Amino acid sequence: MKNEVYTASANANIAFVKYWGKKSDNIPFNSSVSMTLGNNVSTITSVVFSDKLQHDQLFINGVPVDASKGGEKAGLLFDVLSQMRKLAGVKEHALIVSKNSFPASTGLASSASGAAAFAYAVNSALGLGLSSRSLSIIARKISGSGCRSVFGGFVLWHAGNRSEESYAEQIKNENHWPQLIDAIAIVTEAKKKVSSSEGHIQTIKTSKLYKHRIPFAEENASRAVELIHNKDLHNLSELIMRDSNNMHATMLDSWPPIHYITDSSWRIIDTIHEINDAEGKNIAAYTLDAGPNVHIITEKRYSKKVLNEVGNAVGDIKFIISRAGGSPRLLPDNMALIDEKLNIIK
Ligand code: PMV
């Protein structure tokens, strides 16, 4: 374990039923449901514990992260690292290097894959052997939506009332619905103005609509599980679109209002409605996280038509296309990210 580099990769996820609004320790007000995406939308994290290190060091996308100045998420990462090290009875400090395969802070839930890769890699490096459920609780503490990225395929996050009850579990694995894809329309790669951490709190404190969202989203989560089981694209699409709209309505109802949807996002949303109306059934859904990029959920057999029409409506637009992907995994030594920083421990 000591001086050995462990590298893990975890994939982002897209929520079909959203998590928005949280209590302490990132315990949500409602359960949520997501699809874990493929390896093309992932975070790779390398970890080494060594007695040659004087303190913990963390680099995210090449930038050193300072526990005291790096903001709330950075503080949480260092706290979780200390808790896991204590659990393992290890004294050595850690060098951790993490890299995303996609732009961060654009509502692509980069923090989710980051949190899951972090929990998985540290668990391996410390030889803790924690269960996936325990890792989902640990990832949740770093970034709520991260608990869902600890599993592949289709995932339900039970809201729970206490920390031990708020964990994710797999509903169906990544081979259940191979036709289903997420085409992410990259409207912008710019950093979002209001981070999700701030947004969760601002909405529960100030939105008058929020209390109505909780039972609606809870019901959506149970229904989404059923619709995923049945691979019911028509009804699941309506549920996904309504849930996304409902979450963004509570954001807009916050004070001051939080808004992530841009004119280009709206053009895509309207186009999806036009396509579904013309078909006489829902063949595609849109859903947006805390950012303007639009996730288009559809089946492969419809994707050419849907993406062509969206492209025609908004002009030159880039899509990242992904299907359901697997759970976090360890990568071979030659994929370690830490190499360039290894001289610190040599
Ligand atoms: O995990 P956070 O704190 O980044 O929150 C993400 C919340 C949404 O992406 C907007 C919705 C979700 O369930 O992923």
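What the table below lists for this structure:
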{"quantity": "For the range 149-263, radius of gyration divided by Kirkwood radius, i.e. Rg to Rh on alpha-carbons", "calculated": "0.98"}
{"quantity": "Table column - 3J(HN,Hα) (Hz), the range 207-222, Karplus curve with 6.51, -1.76, 1.60, x for Gly and Pro", "calculated": "7, 7, 7, 4, 4, 7, 5, 4, x, 4, 5, 4, 5, 4, 5, 5"}
{"quantity": "Per DSSP, loop trypsin sites (Lys or Arg not before Pro) in the range 40-104 with at most 11 further Cβ within 10 Å", "calculated": "Lys69, Lys91"}
{"quantity": "Partner lysines for Lys304 [C-alpha distance under 24 Å; skip if fewer than 8 residues away on the same chain]", "calculated": "Lys231, Lys281, Lys318"}
{"quantity": "Cβ-based exposure ranking for Phe118, Phe102, Phe151, in which fewest neighbours within 10 Å come first", "calculated": "Phe102, Phe151, Phe118"}
{"quantity": "Residue (of Gly114, Ala74, Tyr19) at the positive-pole extreme of the chain, dipole from beta-carbon charges", "calculated": "Ala74"}
{"quantity": "Relative contact order for the range 1-101, counting Cα pairs under 8 Å that sit 6 or more residues apart, in percent", "calculated": "33 percent"}
{"quantity": "All-pairs alpha carbon distance profile, the range 52-97, 5 Å steps from 0, percent", "calculated": "5, 22, 31, 26, 13, 3"}
{"quantity": "Helix axis angle, 132-142 relative to the chain longest principal axis, alpha carbon, degrees", "calculated": "90 degrees"}
{"quantity": "Cα-based Kirkwood hydrodynamic radius, the chain, one decimal, Å", "calculated": "20.3 Å"}
{"quantity": "Extension gain (nm, one decimal) between Ile317 and Glu218, 0.36 nm per residue minus Cα-Cα", "calculated": "32.2 nm"}
{"quantity": "Where Rh is the Kirkwood radius over Cα pairs, Rg/Rh for the range 129-201", "calculated": "1.04"}
{"quantity": "Mean projected area (nm²) of the alpha-carbon convex hull when the range 1-140 is viewed from all directions", "calculated": "8.5 nm²"}
{"quantity": "The chain - charge dipole about Cα centre, Lys and Arg +1 at Cβ, Asp and Glu -1, debye rounded to 20", "calculated": "520 debye"}
{"quantity": "Inter-label distance for Asp25 and Ser101, nm, one decimal - labels placed 7 Å from Cα along Cα-to-Cβ", "calculated": "3.3 nm"}
{"quantity": "Rel. contact order, % - alpha carbon contacts under 8 angstrom, at least six apart, the range 142-192", "calculated": "29 percent"}
{"quantity": "Sequence of Met241, Met35, Met247 once ranked by neighbouring C-beta atoms within 10 Å, starting from the fewest", "calculated": "Met241, Met247, Met35"}
{"quantity": "Top of Gly129, Gly326, Gly291 by mean-square fluctuation, Gaussian network on the chain, Cα under 10 Å", "calculated": "Gly129"}
{"quantity": "Net charge of Cβ neighbours under 12 Å - reference Leu233; Lys, Arg +1; Asp, Glu -1", "calculated": "0"}
{"quantity": "Karplus-derived 3J(HN,Hα), 6.51/-1.76/1.60, for each residue of the range 174-186, Hz, glycine and proline x", "calculated": "5, 9, 5, 9, x, 6, 6, 10, 10, 9, 8, 7, 7"}
{"quantity": "Residue among Ala15, Ala313, Ala224 with the largest mean-square fluctuation in a Gaussian network model of the chain, springs linking Cα atoms under 10 Å", "calculated": "Ala313"}
{"quantity": "Length-normalised contact order of the range 214-346 in % [C-alpha pairs under 8 Å, at least 6 apart]", "calculated": "21 percent"}
{"quantity": "Highest-MSF residue in the chain out of Ile297, Ile171, Ile60 [GNM, Cα springs under 10 Å]", "calculated": "Ile60"}
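Rule-based calculations on the coordinates, nothing more; no lab input. Model, not experiment: these values are computed from the prediction. Neighbour counts are summed over all protein chains in view; Cβ atoms, including those assigned to glycine, are modelled from backbone coordinates with ideal geometry.
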